[in-house]
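For reference, the structure discussed in these notes is given below.
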Amino acid sequence: MKKSILSLLQTTVLDVQTVARGWVRHKRSGQNVFFITLNDGSTIKTLQVVADAGKFEEELKRVHTGACLEVHGKLIASQGAGQTVELIAETLTILGEASPDNYPLQPKAHSMEFLRENAHLRSRTNTFSAVFRLRHALSYAIHKYFNDNGFYAWHSPIITASDAEGAGEMFQVTTLPIGNPPKDEQGAIDFKQDFFGKATNLTVSGQLEAELGAMGLGKVYTFGPTFRAENSNTTRHLAEFWMIEPEMAFYDIQDNMDLVEDFLRYLIKYALDNCADDLEFLNQRFMDEEKKKKKEEQSEMSLIEKLQFVVENQFERLTYTEAISILLNSNHHKKKKFQFEVKWGIDLQSEHERYLVEKHFKKPVILTNYPKAIKAFYMKQNEGEEAGKETVRAMDVLFPGIGEIVGGSQREEVYERLKARTDEMHITEELSWYLDTRRFGTAPHSGFGLGFERLVLFVTGMGNIRDVIPFPRTPLNAGF
Ligand code: 4AD
Ligand code: MG
């Protein structure tokens, strides 16, 4: 295998011939030599190449930030400060040039907006390469956690005919000619003539299929892209995002909460233990960004302290009803500082969630037992409640700076009760296969969905969800 810059920097065998390949971050001249810092994405660190100014005169004229080089030479202990080893160039090949006249990335600070417009090049910056390495590490840790704990990866379909969340925020999938689709006798679009013989869409969640898997394999998880056509232009929403959805037979809501807490703490600890260089860099970036904010909005903790805090402290668990009463009794409410009304039955707004997490408890929170009316049809209904005050066994995990990071629930496993809900929504027929799990050997079960980008956002301390996925999809934005 070809050696990465990371392995060259870690090597203990010096004074041997070696090869380095990478992109130029910076070039500066010294006495009779040029110092070139190379990065190949294997680490946030760069390898210093020392090139003789006379010998490589012609090549050095063409070496600029962004150019790609292959350098053969000897790796020696560095004489300068800032690095332990350096490579003394014997041959220097320019694999690809980048001209300072038109290469967009220069060795200076670029705005996040500018880098989003240049998303095809931004993986070459320190910030984005660190973010994407962390994204990878977290993705690996997710598979490892589930594998080590007896879960099976379960690949749910991306094209479906159902709306798992019942919110109608779907992207249609069709091969019908959109300018002139075939019509049925009533004049409606005739999806019987469509590719699948019915109307289909991109999935909003793999949960319904995960439940089928859990009823045979016990514990499964999905980890795939999900799509939502909600017109939310916020720093927390994407139209295409990745979701992790474990589903477990025989788990009730308490087991579900224990699992989600253990899982999130494991992932954050994994990042702290395995991504120290990148986190140190992002920690510095986070502190610099915080300093630009108004004093009262600045984080009391550094990024690394925030991550350690989550690993070391239990999440606060309370019911929706208790949360509403905390909000109603808060000075914030009394001083009319909430923009949206607080009363039992509302869908909590991000300002309410953040008040609970950031101001009141100052730690992650798991809220349970939400009003039935604001949650999805598949959630298990609590019994013996007064009319109009019915709740379901939902659980949302709220994180500081993020708001909702996980949504989940115990599922309604009683056939008659679930069917009553699907009847209300006129989806009983299309979900007959889903209802079958409750007709044949039904079992209590639970699961949740973790928004992967919201997790990456939290761990990297980035401010905008568009900056933690290589090519973000948001309203009016599908470039690259
Ligand atoms: O709360 P949600 O809608 O729950 C579900 O989809 C369930 N089927 C999950 C389950 O029980 N298996 O979404 C789950 C999580 C949210 O908590 C949030 O982190 C993330 O997915 N999410 C989004 N992330 C980015 N952009 C969006 N538009 C998101 N919508 C939800
Ligand atoms: Mg939710």
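The values are calculated or read from the model by the stated rules, or taken from the named source; none is laboratory data. Remember, it's a predicted structure, so these values are computed and weren't measured experimentally. Note: ideal-geometry Cβ built from the backbone for every residue, glycine included; neighbour counts use all protein chains shown. Just so you know, the surface numbers come from the protein's heavy atoms only, side chains and all, with ligands and any DNA or RNA stripped out. Shrake-Rupley method; radii C 1.70, N 1.55, O 1.52, S 1.80 Å.
Being aliphatic (A, V, I, L, M) and without any contact (Cβ under 8 Å) to a residue 60 or more places away in the chain is the filter here; which residues of region 438-480 pass it?
Once the filter is applied, which keeps residues that are aliphatic (A, V, I, L, M) and without any contact (Cβ under 8 Å) to a residue 60 or more places away in the chain, region 438-480 yields LEU476, ALA478.
Filter region 162-217 for residues that are at pLDDT 95 or above, of a type in the set (S, T, N, Q) and surrounded by 12 or more Cβ atoms within 10 Å (Cβ to Cβ) and give the result.
GLN172, THR174, GLN193, THR200, ASN201, THR203, SER205, GLN207
Look through region 70-98, keep the residues that are assigned to a loop (DSSP other than H, G, I, E, B) and at pLDDT below 95, and return whichever of them is surrounded by the fewest Cβ atoms within 10 Å (Cβ to Cβ).
Across region 70-98, the extreme among qualifying residues is ALA81.
Quick check on region 366-387: of everything there that is open to solvent by 60 Å² or more (accessible area, probe 1.4 Å) and of a type in the set (Gly, Ala, Ser), which residue is farthest from ligand 1 (Cβ to nearest atom)?
ALA387
Checking the condition buried (at least 22 other Cβ atoms within 10 Å of the Cβ) and part of a helix (DSSP H, G or I), which residue from LEU455, LEU435 passes?
Going through LEU455, LEU435 in turn, the sole match is LEU455.
Among the residues that make up region 330-347, is at least one of them under 30 Å from GLU297 (Cβ atoms), within 14 Å of ligand 2 (Cβ to nearest atom), free of Cβ contacts under 8 Å to residues at least 40 places away in the same chain and touching a helix residue (DSSP H, G or I) at 6+ places or on another chain (Cβ under 6 Å)?
yes
If we only count strands (runs of 3 or more DSSP E) wholly inside region 180-273, which ones have 1 or more residues that are of a type in the set (Ser, Thr, Tyr)?
It comes to 200-202, 219-227.
So the check is Cβ under 6 Å with 6+ separation or different chains; which pairs have a first residue in region 204-218 that's over 19 Å from GLY168 (Cβ atoms) and a second one that's more than 13 Å from ligand 1 (Cβ to nearest atom)?
Hits for this filter: ALA214/ALA249; MET215/THR437; LEU217/TYR152; GLY218/ALA249.
Quick grid of which residues meet (1) out of contact with any Phe, Trp or Tyr (no Cβ under 6 Å at 6 or more places or on another chain); (2) in the same structural domain as THR428 (by TED's automatic domain parsing); (3) within 30 Å of PRO246 (Cα to Cα); (4) free of Cβ contacts under 8 Å to residues at least 60 places away in the same chain:
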residue	(1), (2), (3), (4)
ASN149	yes, yes, yes, no
ALA153	yes, yes, yes, no
PRO157	yes, yes, yes, yes
THR160	yes, yes, yes, yes
THR175	no, no, no, yes
GLU185	yes, no, no, yes
ASP190	yes, no, no, yes
PHE195	yes, no, no, yes
ALA199	no, no, yes, yes
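More than 14 Å from GLU240 (Cα to Cα), assigned to a helix (DSSP H, G or I) and touching a strand residue (DSSP E or B) at 6+ places or on another chain (Cβ under 6 Å), is that true of PHE448?
Answer is no for this residue.
Residues checked against (1) outside the structural domain of PHE250 (by TED's automatic domain parsing); (2) open to solvent by less than 50 Å² (accessible area, probe 1.4 Å); (3) within 9 Å of ligand 1 (Cβ to nearest atom); (4) closer than 14 Å to PHE377 by Cβ:
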{"site": "PRO400", "(1), (2), (3), (4)": "no, yes, no, no"}
{"site": "GLY408", "(1), (2), (3), (4)": "no, yes, yes, no"}
{"site": "ARG411", "(1), (2), (3), (4)": "no, yes, yes, yes"}
{"site": "TYR415", "(1), (2), (3), (4)": "no, no, no, yes"}
{"site": "LYS419", "(1), (2), (3), (4)": "no, no, no, yes"}
{"site": "ASP423", "(1), (2), (3), (4)": "no, no, no, yes"}
{"site": "THR428", "(1), (2), (3), (4)": "no, yes, no, yes"}
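What is the number of the single condition among (1) under 37 Å from the mean Cα position of the chain (by Cα); (2) over 17 Å from ILE94 (Cβ atoms) that ILE76 does not meet?
Only one criterion in (1) under 37 Å from the mean Cα position of the chain (by Cα); (2) over 17 Å from ILE94 (Cβ atoms) is unmet by ILE76, namely (1).
List the pairs whose first member sits in region 401-429 and is of a type in the set (S, T, N, Q), whose second member is open to solvent by 50 Å² or more (accessible area, probe 1.4 Å) and assigned to a strand (DSSP E or B), and whose Cβ atoms are under 8 Å apart, counting only residues at least 6 apart or on separate chains?
SER409/ARG393; GLN410/ARG393
Which members of region 143-171 meet the condition of being touching an Asp or Glu at 6+ places or on another chain (Cβ under 7 Å) and within 12 Å of ligand 1 (Cβ to nearest atom)?
Of everything in region 143-171, those that are touching an Asp or Glu at 6+ places or on another chain (Cβ under 7 Å) and within 12 Å of ligand 1 (Cβ to nearest atom) turn out to be SER156, SER162, GLU169.
Answer yes if at least one residue in region 226-238 is more than 10 Å from ligand 1 (Cβ to nearest atom) and crowded, with 17+ Cβ neighbours inside 10 Å, and no otherwise.
Scanning region 226-238, I find no residue that is more than 10 Å from ligand 1 (Cβ to nearest atom) and crowded, with 17+ Cβ neighbours inside 10 Å, so the answer is no.
Per-residue answers, yes or no, for (1) open to solvent by 60 Å² or more (accessible area, probe 1.4 Å); (2) in contact (Cβ under 8 Å) with a residue 40 or more places away in the chain; (3) in contact with a helix residue (DSSP H, G or I) (Cβ under 9 Å, 6 or more places away or on another chain):
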| position | (1), (2), (3) |
| --- | --- |
| ALA249 | no, yes, yes |
| GLU290 | no, no, yes |
| LYS294 | yes, no, no |
| VAL311 | no, yes, yes |
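Just wondering, is there one or more residues in region 31-42 that are outside any loop (DSSP other than H, G, I, E, B) and open to solvent by 40 Å² or more (accessible area, probe 1.4 Å)?
Looking through region 31-42, at least one residue is outside any loop (DSSP other than H, G, I, E, B) and open to solvent by 40 Å² or more (accessible area, probe 1.4 Å).
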